1. Whether any residue in the range B:82-94 is buried (at least 17 other Cβ atoms within 10 Å of the Cβ) and touching a residue at least 24 places away in the same chain (Cβ under 8 Å) is what I want to check.
2. Which residue is farthest from the other protein chains (Cβ to nearest Cβ), if the candidates are limited to the range A:196-211 and must be surrounded by 20 or more Cβ atoms within 10 Å (Cβ to Cβ) and either touching a helix residue (DSSP H, G or I) at 6+ places or on another chain (Cβ under 6 Å) or in a helix (DSSP H, G or I) (or both)?
3. State yes or no: is residue B:257 under 19 Å from residue A:261 (Cα atoms), within 13 Å of chain A (Cβ to nearest Cβ) and touching a residue at least 12 places away in the same chain (Cβ under 8 Å)?
4. Could you list, in sequence order, the residues of the range B:164-196 that are touching a residue at least 60 places away in the same chain (Cβ under 8 Å), acidic (Asp, Glu) and part of a loop (DSSP other than H, G, I, E, B)?
5. Would you mind finding the one in A:284, A:266 that is more than 7 Å from chain B (Cβ to nearest Cβ) and either modelled with pLDDT of 90 or more or surrounded by fewer than 22 Cβ atoms within 10 Å (Cβ to Cβ) (or both)?
6. Is there a residue in the range A:261-281 that is part of a loop (DSSP other than H, G, I, E, B), out of contact with any Gly (no Cβ under 9 Å at 6 or more places or on another chain) and farther than 20 Å from residue A:349 by Cα?
7. What number of residues in the range B:99-143 are open to solvent by 50 Å² or more (accessible area, probe 1.4 Å), in contact (Cβ under 8 Å) with a residue 12 or more places away in the chain and either in contact with a Ser or Thr (Cβ under 8 Å, 6 or more places away or on another chain) or acidic (Asp, Glu) (or both)?
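The values are calculated or read from the model by the stated rules, or taken from the named source; none is laboratory data. This is a predicted model, so every value here is computed, not measured. Because the Cβ atoms are built from the backbone with ideal geometry, glycine has one as well, and the counts that use them run over all protein chains shown. The protein model used for the area step is the full one, side chains on, heavy atoms only, and it has no ligands, DNA or RNA in it. Shrake-Rupley method; radii C 1.70, N 1.55, O 1.52, S 1.80 Å.
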Amino acid sequence: MTAQHALVVKDLRTHFTVAAGDVKAVDGVSFTLDRGKTLGVVGESGSGKTVLSRSVMGLNIASNSKTTGSVVYEGKELVGMSPKEMKHLWGTEMAMVFQDPMTSLNPVVKVGRQLTEHVRIHLDVSKTEARALGVELLRSVRIPEADERFDVYPHEMSGGMRQRVCIAMALACSPEMLFADEPTTALDVTVQHQILNLLNTQQRDRNMAMILVTHDLGVVAGRADEIAVMYAGKVVEKAPTKTLFKEMHHPYTQALLWSIPKTAQPKHTRLSAIAGRPPDLINPPSGCSFSPRCPYARPICREEEPVLISGVGDDHSYACHHPVGSPAGQEAFDKNLEEGLPQTLVAAGRIQATEDLPTTWED
Amino acid sequence: MAGSGTAHLRPLDETLLRIEDLVVEFPLGGGRVVHAVSGISFDIAKGETIGLVGESGCGKSTTGRAILQLPKPTSGAVVLNGQNLAGIGNERMRELRTDVQMIFQDPISSLNPRRAVGEVVAEPLHVWGPAEKDAQWEKVAKMLDAVGIDPDVARYKFPHEFSGGQCQRISIARALVLEPELIICDEPVSALDVSVQAQILNLLEDLKAQYGLTLVFIAHDLAVVKNISDRVVVMYLGKMCEMSESDELYANPAHPYTQLLLESLPIPDPDVVLDRAVSEHDELPSPINPPSGCRFRTRCPHADQICTDVEPTMRRVNDDHFVACHHPLVPVEEVAVGVN
C-alpha cells in the first residue's frame, strides 16, 4: 500500500524551543498524498499549517526547531536528512510557492536571472538554453510578452504577475510535488482566481502532487481532492472535499465555514465568528484544544483528548467526542444550550436564523 | 476629462457626505500623470454604510483619503454636512477631521510599536479632548471596553503583545474616541483570518448601531462588502462602474466588471463549477495612460466600437441602481441623464 503513495507523513512533530517552553507548532500529523492529487490544508493563523508544509520540505532549519516523526518521499526518509542532501530534492523533486509575491522575489535581481538560477545549477544548461527555458516557462504561466519580461525587475510587475513568476520558478525544474503556501492571500479576487486556475492546470498537465495551504475554505472547495483541517498543530478533521462539505463532523470545521460571509445571504446578516482566540501552543488547553471555543464542548472534552478516528467511510476521519450531526453531538449541544454556554447560544442563533442545520448522522 | 455623470446622486439635504466629480491625479514628472481617480460621484446618507469595491489600483483607497483631503483632490467637491471641504482653510479642516476618522488595513503597522495601548488610543484626546488625564483615561477605557479589549489589562501593554484582530480592535477604539460621525474603513479586514474577520465585521455593525456611525467601507472582497454595506460602489481604474443597493447588486449585476468580480469569488462549495469566465490574460491597464472611452473595454467580453469612442455615463436601472456601461447586463433607461 505504502509503496504507491508519493508522500507518506507519519506522526510528524515540529517543536520550537523558546524561553517559555516548547512551541508545539506541528504536533503529530499524519497523511498520505498521491501523485496528481491535491491536499488542501486549512486552518487559522497559528494552527501550524505553514510549519507543516515547511517541515515536510525540510525548510525548518532554525537552530531552535526540532522535527521528529517520518516523512517518506518516494521511499526516501526525509526527516533527519541534512540541508546538503535535501538540496538535491529542492527544486527538482519538490518546490514551494510562497505567500507574499512582493517579498519572495529579490528586488535587485532581474526576474529572468532569478527564474533560471536553479535551472542552471540543477540541470547543467548553458546561459542561452536557460534563457530559452525561462521564456518558455513565463509563457506557460501566461505572462504576456515573455521575452521582454525576462529582463525586468520585480517592481515593474504587478502582484499577480510576480506570483506567476514565483510559480514559474517553482515549476522550472519540473518538480514532482508542489507546495503552495497561501499563494493568493495577498492578491485581489480576480487575480486569485487566475492564479488558482493556473496552479490547477499546471498540476494536471504535469501530474504533480500538490499541497495547497490556505485559511479560506472557499479557496480549496473546488480545487482540492482532500482537505485536512488543522487546529493547534493537529489535524482535527480530514476527508475528501465533497464528503467534508456534505457532512463535516468537527465543530471547528463547521465554525470555519460559518464565519465566511456569503453573497447569497441578505446584507447585514450577522456572521458567526469563532469565539475566543487560537490556543497557546506552549501550554495548550488540556483535553481537546478547541474545547474552550467549542459550542459542543462538555466536561469530558476538557479532560480527555480525542483521537483521530475514522467515521462512516474509512477516508473520513475526525477527532471529536461530540461530532457535529451525531446523537452525542446533539445531546452535548442541547445540554450546553440549557446551561447557557455563550458560544452555544451564538451557534443556536445562527442555526435558527439561517436554517443551516448540521447534517444528520448516517448509519 | 468628463466624469461618470451624477444621475445617481440624491438631494444634498438628505446626505451627510457628497462627493461630486472627484478627480485625484498624481504628477509623475515629464508631463506624465497618474489618473488615480477620474470623476467619481456618490453620496452617503446619515447612518448608512457605503461599500467601495474594486481591484488594487482602482482608486478606492485614494477616494477614501480624498474625503479627508489627504491629499487635497485635484478637482471636484467633497461636501460634508453641507460644507464643501475643498474651499476651506487648513485650520478649519483640522477641526473637521475630528468628525471623520479612518481605520487602516494593516492593524499592526498602523499602531506605534513604542507606545502603550492606553497612549495610542488617548492620542486624539491630547489634541481635542479634555485636558485632565483622568477624564481622558475614562473615555479611552470606555472605548476599549466597547471594542472588546479589557482596558485595565491593555493600558500599559504594547501593540506587539496583541494579535492582529486585537490590534484592529484597538485601531477602531482610537478612531472612535473622538466620537466621529463618519469612519472611513480602508480594507480593515483584508489582513485578517476569516474567523477574526467575522468578529471585526460584527463589531463594526454593533458600534455603528450604538454610536450612530456612518461608514465608508473599502474592500476588494465582494462578500465582505455585501455583508456590511447598504449600498455598494464598484470602481475600476479611477472610474465608477456601478452603484446599487447591495442585495440588488448581487442579484442583478448590470456591469460586466461587477459580474467578473462576482464570478471570481471563491465559494465554499465543492459542487460549484470553477471554469468560469475569468480569462488568465487579464491585466489591469496602466492608470498613467488609461484606455479611451470605457476604461474596462480592454477586458470586457461585450466591448465594441462605441466603448472605444464614447465614455459611458451613469444610467438608471431603478431608483437604487445605476450603471455606467454601453452594454449593461440588465435593461436600463435609454436616455443618459445628468451628463456633465
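1. No: zero hits.
2. A:211
3. no
4. Residues satisfying the conditions are B:181, B:187.
5. Testing whether each residue is more than 7 Å from chain B (Cβ to nearest Cβ) and either modelled with pLDDT of 90 or more or surrounded by fewer than 22 Cβ atoms within 10 Å (Cβ to Cβ) (or both) leaves just A:284.
6. yes
7. 5
Yes or no, residue by residue, for (1) buried (at least 21 other Cβ atoms within 10 Å of the Cβ); (2) more than 14 Å from chain B (Cβ to nearest Cβ); (3) touching a residue at least 12 places away in the same chain (Cβ under 8 Å):
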| position | (1), (2), (3) |
| --- | --- |
| A:98 | no, yes, yes |
| A:104 | no, yes, yes |
| A:125 | no, yes, no |
| A:143 | yes, no, yes |
| A:154 | yes, yes, yes |
| A:157 | no, no, yes |
| A:163 | yes, no, yes |
